[in-house]
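In what follows, a structure is listed as structure tokens, so that the remarks can point back to it.
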Amino acid sequence: MKQLPAATVRLLSSSQIITSVVSVVKELIENSLDAGATSIDVKLENYGFDKIEVRDNGEGIKAVDAPVMAMKYYTSKISSHEDLENLTTYGFRGEALGSICCVAEVLITTRTAADNFSTQYVLDGSGHILSQKPSHLGQGTTVTALRLFKNLPVRKQFYSTTKKCKDEIKKVLDLLISYGVLKPDLRIVFVHNKAVIWQKTRVSDHKMALMSVLGTAIMGNMESFQYHSEESQIYLSGFLPKHDADHSFTSLSTPERSFIFINSRPVHHKDILKLIRHYYNLKCLKESTRLYPIFFLKIDVPTADVDINLTPDKSQVLLQNKPQNSRYEEKAAKDLERYNGQMKRAIEQESQISFKDGRKKIKPSSWNLAQKHKLKTSLSNQPKLDELFQSQIEKKSQNIKIVQIPFSMKNLKINFQKQKKFDLEEKDELCLIHNLRFPDAWLITSKTEVMLLNPYRVEEALLFKRLLENHKIPAEPLEKPIILTESLLNGSHYLEILHKMTADDQRYSESAYLSDPRLTANGFKIKLIPGVSITENYLEIEGMANCLPFYGVMDLKEILDAILNKNAKEVFECRPRKVISYLEGEAVRLSRQLPMHLSKEDIQDIIYRMKHQFGNEIKGCVHGRPFFHHLTHLPETT
Ligand code: ADP
Ligand code: MG
């Protein structure tokens, strides 16, 4: 038996904590938050494998602490385990920076309020300072990790496909979004390869933070709640879909906007999620039982109650303690498990192949087959592997079951003819051929024309239409109601329309709100206050949309103008210009949340809705970019 070299031990233990790009980002963000940052910039290059940089405006690291900042088990956050009882920081183990140094080249630039200039430290694989020099950054800390996993080729290979890399970016985005909604006063900018992927400004509260992430169309369908149990000292608060919410706004096919936080840590808590989902699906009795509600749930319990979960033994925390277990830690644990499994199997397989050459003895599992492709490059013995694969096919063919299927060529021909006739009848029929390498281009033919279809533009236009027709912009109470007078509205004809609306509705015997959707959907809550006689009734704006800048009486006049001059009966006919451009923005934002990979069925559904909703009228997205791009005409065949 031999003792492992120190470098190997470090590498092994670090690869338990730092399993992916998102785990690096998570550790660095939490350090920034622990340092009191109100602004965080995350920059990735080549999906984070060339560079991960997290810059904050926190308190910085004192020069005296620099020599140990990236040494394992050095932390400024606790000094003994008793401090865990009152833990208010994300970090406490002093492991993260050291672990990142083991799997990447790390630079740390930092400046405290007391420093005159910032200092950039270059660290080595064990977290020691290699060199340092003055630099020009302001207060705060910037950690740069270069060439991640350069010394772990198998880990790198795990991310060898673009899909996996893109998924990783999505995970980083989801992570940042969850901290973004949790911390309203935090500014976040997320950049990948110099392009801004997402950003969030500082806002006043959770509602506004959610608004900036989810948009008002969704938030209009959500309501806040609060609960406090004296006895168990539990605080619950957050936002859930309203009782009468439009479920198409508040449901997603994944739990990525089902935010759960326990003591300010984003967690992935299956039981809580299941419970909320269960009640939600009882409400929307649609086909949508597989959907996840959008919600934000903040659970706060006394830290002392959860201290058992905070064992410094990371593997225990990863596997056992669900509630405290951060969802990203859990993901990281899963990645690690999968990765270890792959490694084990790859090693097993390789030894079996090279030592035994036992074609018959090897029992490749279905996993082997699935992974054959991936392992190809990592195994040296390619011909042997091919043989192994071949033996699998042979083995399979021995087990073939023979089943007789009745078949008639004549019937097939008849059906085929029928189908053909049907195709000809449907004159304008669009025929979907295939998607291209880009998710936003599908090859389509219509008669002899070959075109590209951009399904996202169609979806955007469909969403916009739906928002124009149905979206109800929430009205927020005004500090001081605005009394609607003739002089304010510049003429009595506007007031007449409003009074007519009340006359149309019999319920206005006493003080009540105008329920006409042309007003309410445009964010106006107008109250009728009855006078002694009908002519003395007066109206005041009590609530108004606050998501639109400078929204006010002028916009109300625009609505009334449309009613007066264009006989606008429906909501979409009298949307004020500000509302229209706002809804355009919402449609663009919502359609960006569509999945990157649309199936053929999704596209067919989009085409169906496009024809149904637009006919031949609208042929472009809200920016006027066309749905279809003409490629060529096929020569007519007879
Ligand atoms: P932990 O967060 O568990 O203490 P880390 O390895 O993540 O361990 O960080 C080690 C120490 O480096 C921290 O305790 C803190 O003092 C310092 N540090 C790390 N990142 C920052 C930062 N962004 N701003 C200020 N100090 C930091
Ligand atoms: Mg930390």
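Between Ile497 and Leu275, what length in nm is gained on full extension when 0.36 nm per residue of separation is reduced by their alpha carbon distance?
Numbers: separation 222, 0.36 × 222 = 79.92 nm, distance 4.82 nm.
Gain in length upon complete extension: 75.1 nm.
Can you figure out the FRET efficiency of Arg147 with Met409, using R₀ = 56 Å and their beta-carbon distance, to the nearest 0.05?
Working: r = 62 Å, r/R0 = 1.11.
For Arg147 and Met409, the calculated efficiency is 0.35.
For Ile483, put the label point 7 Å out on the Cα→Cβ axis and report which residues of segment 511-548 keep their amide N under 11 Å from it. Taking a point 7 Å out along Cα→Cβ of Ile483, the residues of segment 511-548 whose backbone N falls under 11 Å are 538-540.
Entry for segment 568-638 at q = 0.19, 0.25 Å⁻¹: log10 I(q)/I(0) = -1.09, -1.36, Debye formula applied to identical alpha-carbon scatterers, no solvent contribution. Measuring spread by the Cα atoms of segment 240-283 yields a radius of gyration and Dmax of 11.1, 31 Å. Taking amide hydrogens as placed 1.01 Å from N in the peptide plane, the amide H of Asn193 sits under 5 Å from those of Leu44, Glu45, Asn46, Tyr47, each at least 5 positions away in sequence or on another chain.
Label separation (Leu594 vs Val553): 4.3 nm, computed from points 7 Å beyond Cα along the C-beta direction. Scanning residues 5 or more positions from Arg187 or on other chains, those with amide H under 5 Å from its amide H are Ser39, Ile40, with H placed 1.01 Å from N in the peptide plane. For the pair Ser515 and Ser80, label points projected 7 Å from Cα toward Cβ lie 6.8 nm apart.
Mind checking the full-extension length gain between Gln199 and Asp65? Use 0.36 nm per residue of separation minus the Cα-Cα distance, one decimal, nm. Present the calculation step by step, with values, prior to reporting the outcome.
Values: separation 134, 0.36 × 134 = 48.24 nm, distance 3.19 nm.
Between Gln199 and Asp65, full extension yields an extra 45.1 nm.
The 3J(HN,Hα) values that the Karplus relation (6.51, -1.76, 1.60; θ = phi - 60°) gives for segment 51-59 are, in residue order, 7, 10, 10, 10, 10, 10, 10, x, 6 Hz. Gly and Pro appear as x.
Which length gain, in nm to one decimal place, applies between Thr89 and Lys242 when the Cα-Cα distance is subtracted from 0.36 nm times their residue separation?
Details: separation 153, 0.36 × 153 = 55.08 nm, distance 3.35 nm.
Full extension of this stretch gives 51.7 nm more.
Placing one equal scatterer on every Cα of segment 26-181 and applying the Debye formula, the log10 ratio I(q)/I(0) at q = 0.13, 0.19 Å⁻¹ is -0.63, -1.28. For the residue pairs Lys26/Lys51; Lys164/Lys194; Lys77/Lys170; Lys298/Lys472, the alpha carbons lie more than 23 Å apart in Lys77/Lys170; Lys298/Lys472.
Let me know the Kirkwood hydrodynamic radius for segment 483-598, please, with Cα pairs as the basis and the value in Å to one decimal. Walk me through the numbers before you get to the answer.
Details: mean 1/r = 0.0647 Å⁻¹.
By the Kirkwood definition, the hydrodynamic radius is 15.4 Å.
Where a number appears in this text, it was derived from the coordinates with a stated rule and is not lab data. Keep in mind it's a predicted model, so treat the numbers as computed, not measured. Using ideal geometry, Cβ is built from the backbone for each residue, glycine included, and neighbour counts are taken over all protein chains shown.
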